[in-house]
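The values are calculated or read from the model by the stated rules, or taken from the named source; none is laboratory data. Being a predicted model, the structure only gives us computed values, none of them experimental. All Cβ positions, even for glycine, are placed from backbone atoms using ideal geometry, and neighbour counts span all protein chains on display. Each accessible area value is taken on the protein alone, full model and side chains, heavy atoms only, with ligands, DNA and RNA left out. Shrake-Rupley method; radii C 1.70, N 1.55, O 1.52, S 1.80 Å.
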Amino acid sequence: MLSSGDPVEQPAPAVRPEVWETYGPADLSAVPVFAGGFINFGYWKAVDLGQPLSQGDRIRSEQDLYRHVLDAVAPGGGRAVEVGCGLGLGCALALEEYGPAAVTGVDIHPQQLQRARAANSPLLDAQPHRLSFALGAAEALPLGDAEFDCLYSVEAAQHFPDLAAFAREAARVLRPGGRVAVTSFFTVEGTTEPAERLAGLLDSYASGLDIARPVSRLAEALAEAGFADVRVASIGPQVWPGWDLWLARLWAPGTWPRNFLAAWEQRILDYYLVTASRP
């Protein structure tokens, strides 16, 4: 058994070239559509989509996606870990609004972690025992056994090469009674040739950055890893229309980013929240 405490020393994880470029030199967090630096499509339920969208609306949508996930794992008072933490702004939101004892952000990309530490330097200085960041892959978390009360991941699982290994690691690092919540986009169950169709619509699938898999693959992986009460919920209606309206400010109809909405409307792709409990 590994003991809790500081991150476990492991070799630097291998990073797929598409992920390395997008989240390193290209710095997706600096792209204007990701205003606020959260790097997610947003949960737009509380935003009036009938009015012109502001940058404040966009940031609210990104924060609300985190809130929707954090509501599902209820980290208050316990220790939380975010897998694929990016710039760590979701870790900070969790600390400020949900009151966990501590949050650890794990990311596979060293440049992302450098940015996370810079973006959160005041919080790291003020509360060093409540916030930390660690370099590691979702399939080999640099964390101790049974160290955490909840594990969450926001719009990162579409990049994970091995969902079964991720599920096993989630089970390992969670204590009995711990909760896991993952939100991301997956292919719709029963869709014919989803990988080929998505590659024809979206550059992120054509390049291999995003991996086309049905959401059942994650649900089954969690169940096989020993999780109970595995639940899958579509939140596409709260994601795709608002995301497309925001994209319309910068991208013309027919350009590839606008095809996320088309993929949803054609029932190829959807956005899901997957939750489970560790017995």
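Values computed for the structure shown
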| quantity | calculated |
| --- | --- |
| Rounded percent of accessible protein surface that carbon and sulfur make up, the chain, 1.4 Å probe | 54 |
| Area projected by the alpha carbon convex hull of region 102-163, averaged over all directions, nm² | 4.7 |
| Given charges at beta-carbon only (K, R positive; D, E negative), |dipole| of region 1-111 in Debye | 160 |
| Size of charge dipole - the chain - debye, nearest 20, with Cβ of Lys, Arg +1 and Asp, Glu -1, no other charges | 300 |
| Ordering of 99-110, 216-227, 122-133 by burial proxy (mean other Cβ atoms within 10 Å per residue, highest first) | 99-110, 216-227, 122-133 |
| The chain - accessible surface per residue (Å², probe 1.4 Å) | 41 |
| Anisotropy class of region 50-185 from Cα gyration tensor, a/c 1.5 cut | rounded |
